[in-house]
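Working notes, structure below.
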Amino acid sequence: MKLDTTIAIEARNIAKSFGNTPVLKGVSLAARKGEAVAIIGASGSGKSTFLRCLNLLEVPDLGEVHANGERITIGPGGQPPARARIERIRRSVAMVFQGFNLWHHMTVLGNVIEAPIHVHGRPRAEAIEEARALLAKVGLTHRADAYPSQISGGEQQRAAIARALAVHPSVILFDEPTSALDPELRGEVLATIQALASEGRTMIIVTHEMAFARDVSARTVFFCEGRIEEEGASAALFASPKSPRLQQFLESFRPGGFTADRQEASFSR
């Protein structure tokens, strides 16, 4: 299938500091419609902060974000963007967090229908019908009436993915979606994300799963000290990294990292 070259989401020259500590130092990145982009790098390199800047959970100190026909530019000393403009971007850019972020007082089904009904104004019956279809898609039909505390971490993360899909996003952001899971639960979540990628969904995935990044994403971006150190087609980048820093980073995953035979059993169920 030929990739649509239309840009789905773009960030330009994003800078962000916390106090006197610069975390992002002028990062620019775009994802085309239907493209899965992986972001890798050491802890503290700015990956998750950048992801949060894309949907303005963190407002950059400087830079530009473009999504859903909305372009927000923040200059030196500029004012934070209006709330309404932020909400227009968030309506099309869903996020799946490493800590699941489910509402624990609601059932799995309740979590999935909450935003479609109360944010997007969809009829309840319609939202429930679609939510049940999405839960079937992620293998959670039997957990619809369970509460988050009653299901495993892997099931909670798959419920969070169904919740993200329920708002019909044009882009899905994944912030280290398996980092809070035990090894035996990672495969089921990775398989779910892999299935979404095969459908041609636009996704940006921050991950420490090197084989997953290589095999599922079309393009991989390596962050180092708040900047993009290297990026390229995933297969080529993992096979022949050019940056010494990326070479060293990937070397730290041997043995049993991306060089292992289909790590996590190719993430298959």
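The values are calculated or read from the model by the stated rules, or taken from the named source; none is laboratory data. Quick caveat: nothing in here was measured; it's all calculated off a predicted structure. Glycine also receives a Cβ, built like all others from the backbone with ideal geometry; neighbour counts cover every protein chain displayed. All accessible areas refer to the heavy atoms of the entire protein, side chains included, with ligands and DNA or RNA removed. Shrake-Rupley method; radii C 1.70, N 1.55, O 1.52, S 1.80 Å.
Provide a single number: the residues in the stretch 173-225 that are open to solvent by less than 30 Å² (accessible area, probe 1.4 Å) and not hydrophobic (A, V, I, L, M, F, W, C). Total satisfying the criteria: 12.
Find the residue count for the stretch 168-196, including only residues that are hydroxyl-bearing (Ser, Thr, Tyr) and in contact with a strand residue (DSSP E or B) (Cβ under 8 Å, 6 or more places away or on another chain).
Filtering the stretch 168-196 down to residues hydroxyl-bearing (Ser, Thr, Tyr) leaves 170, 178-179, 192.
Those still in the list that are in contact with a strand residue (DSSP E or B) (Cβ under 8 Å, 6 or more places away or on another chain) too: 170.
Qualifying residue count for the region: 1.
Here Leu237 meets each of (1) open to solvent by 10 Å² or more (accessible area, probe 1.4 Å); (2) in contact with a strand residue (DSSP E or B) (Cβ under 9 Å, 6 or more places away or on another chain) with one exception, condition (1). Arg254 falls short on exactly one of the conditions (1) under 12 Å from Gly41 (Cα atoms); (2) open to solvent by 70 Å² or more (accessible area, probe 1.4 Å); (3) not aliphatic (A, V, I, L, M), and that condition is (1).
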